[in-house]
Structure formats: structure tokens, C-alpha cells
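The values are calculated or read from the model by the stated rules, or taken from the named source; none is laboratory data. Since we're looking at a predicted model, the values are computed, not measured. Neighbour counts are summed over all protein chains in view; Cβ atoms, including those assigned to glycine, are modelled from backbone coordinates with ideal geometry. For accessibility, only protein heavy atoms count, side chains too; no ligands or nucleic acids. Shrake-Rupley method; radii C 1.70, N 1.55, O 1.52, S 1.80 Å.
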Amino acid sequence: MTARIASLLFALIVPAVASAQSLYNEGQHYFRIEPAQPSQVADGKIEVVEVFSYACVHCAHFEPFIAAWKKNTPDNVEFRALPAVFSPSWEPFARAFYAAEALKVMDKLHEPLFKALHQDRRAMRTIEALADFAAEQGIDREQFLAAATASSTDIKIKRARDQIQRYRVDGTPSMVVAGKYRVPAGIGGFQGMLDVVNFLVAQEAQAIP
């Protein structure tokens, strides 16, 4: 590459980066997590975490946005959902999430449960009621209950509580990028949240050797 071409490319890149930085500002559109938390991904990958709950109507509204976003994530991004338990009434939903994950039936439960709770207005407040719903989706009820109440699920819920506290997340939905940055709800709407996430992912990608 000639020096002239390199200088022209640099002249194009710098304003684009500066423009993005002026659009998304720390303390306004996202917040730094102090101290930064370790990611659960391989070297060279960027972890993106969604803190959510099936009990949260805003998470239900966010779900179509996050589902579309996941289909177009770069290869260096690994997504992870983390169920929040901000009150005792939210715990059965976290147990349902971990049961579906353990049984590898998330595709049968995740979106249907959001729809049942927030569109169909079905009242499911106990793990037994959620197990009944899982059975309606073709999931073995007893296996679901066993996974939801397993000691391994107890451990996962405790770890999730601790992790969310370290992230300083106090509302759902929230996004966490690379264990370093928290993007709360209300940042330019749901698509605006994901635009900030994309900006932070690109920023992290530049820092990877």
C-alpha cells in the first residue's frame, strides 16, 4: 500500500471513529464496570450478556430486537443470557430458564414463555405452573421439574445473583459487554441499546491483538 493510499484511508477512518465516539459517551449511553469482570469466553472472543427476566414486560418487548441482533453478530461475539432474580417472585422464572438450558429445549420454551406471560396474560407464578406450561410445549414435565429444582440450578442462581450485583445491574433488560461496560434500558430505545452494544463490541475488537 502506498503512503498516499494509507493516508487517504486514515483520513476516512478517523472521522468515522470520532463520530461514533461523539454519539456514545461513557456515563451517558453506557457505564464502565469497576472493577471489570472476567468473561466466560475464549481468548479473542467478546462476551455480550443480556440480563433479563421472563417476569419483565420490557424484556418481552426487547426479545424480538435481541433475537434479530443475535442472527447478525460477528464471529468474535459470544452471547449469553443471564436471568435476574430481583425479587422472590422472579426465582421460578430463573429456574425455568436453567431447566430449559440443561435439557437443551430453550427453543421450545424461551419465546413461547414470553408470549404466554405478556401477550396471553397467563398467570404462572410457581415452578409447578411453569412445568405445566413446559409440558404443553412438548417438554417432559418431570425432567423439567427435576432440572429446575436441582442443586446445580441452586448454584447457578446464586452465581447469577452475585454476577449481576458485580455488574451493578439494577434493572432489566440490561446488556454487559466484555465484563467492562453496562448498557441499561432506555438508551435511545431497544435498538439504541443494541447500537451502543455494537459500538462497544467494535471498540473491544480493536483492542484484541
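Take the range 168-191 and flag every residue that is part of a helix (DSSP H, G or I) and either free of Cβ contacts under 8 Å to residues at least 60 places away in the same chain or aromatic (Phe, Trp, Tyr) (or both). Within the range 168-191, Gly189, Phe190 qualify. Among the residues of the range 110-126, those that are within 23 Å of Ile164 (Cα to Cα) and open to solvent by less than 20 Å² (accessible area, probe 1.4 Å) comprise Leu113, Phe114.
Among the residues of the range 151-200, write down those that are hydrophobic (A, V, I, L, M, F, W, C) and closer than 26 Å to Ile127 by Cβ. Steps first, please.
Pass one, the range 151-200, residues hydrophobic (A, V, I, L, M, F, W, C): 155, 157, 160, 164, 169, 175-178, 183, 185, 187, 190, 193-194, 196-197, 199-200.
Listed by number, the residues that qualify are Ile155, Ile157, Ala160, Ile164, Val169.
What number of residues within the range 127-166 satisfy the criterion of being among the polar types (S, T, N, Q), closer than 27 Å to Val176 by Cα and open to solvent by less than 80 Å² (accessible area, probe 1.4 Å)? Qualifying residue count for the region: 3. What about Val41, is it surrounded by fewer than 20 Cβ atoms within 10 Å (Cβ to Cβ) and β-branched (Val, Ile, Thr)? Here the answer is yes, as Val41 does meet what is asked.
Counting the residues of the range 64-92 that are of a type in the set (Phe, Trp, Tyr), open to solvent by 40 Å² or more (accessible area, probe 1.4 Å) and farther than 28 Å from Asp140 by Cβ gives 2.
Evaluate the following for Arg95: is it among the basic types (Lys, Arg), within 21 Å of Gln191 (Cα to Cα) and open to solvent by less than 70 Å² (accessible area, probe 1.4 Å)? When the stated conditions are applied, Arg95 does not pass them.
In summary, Ala123 fulfils each of the numbered conditions (1) modelled with pLDDT under 95; (2) more than 25 Å from the chain's Cα centre (by Cα) with the single exception of condition (2).
This table checks each residue for (1) within 26 Å of Arg159 (Cα to Cα); (2) touching a residue at least 40 places away in the same chain (Cβ under 8 Å); (3) touching a Lys or Arg at 6+ places or on another chain (Cβ under 6 Å).
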| residue | (1), (2), (3) |
| --- | --- |
| Phe97 | yes, yes, no |
| Ala102 | yes, yes, no |
| Asp107 | yes, no, no |
| Arg121 | no, no, no |
| Thr126 | yes, no, no |
| Ala129 | yes, no, no |
| Phe144 | yes, yes, no |
| Ala147 | yes, yes, no |
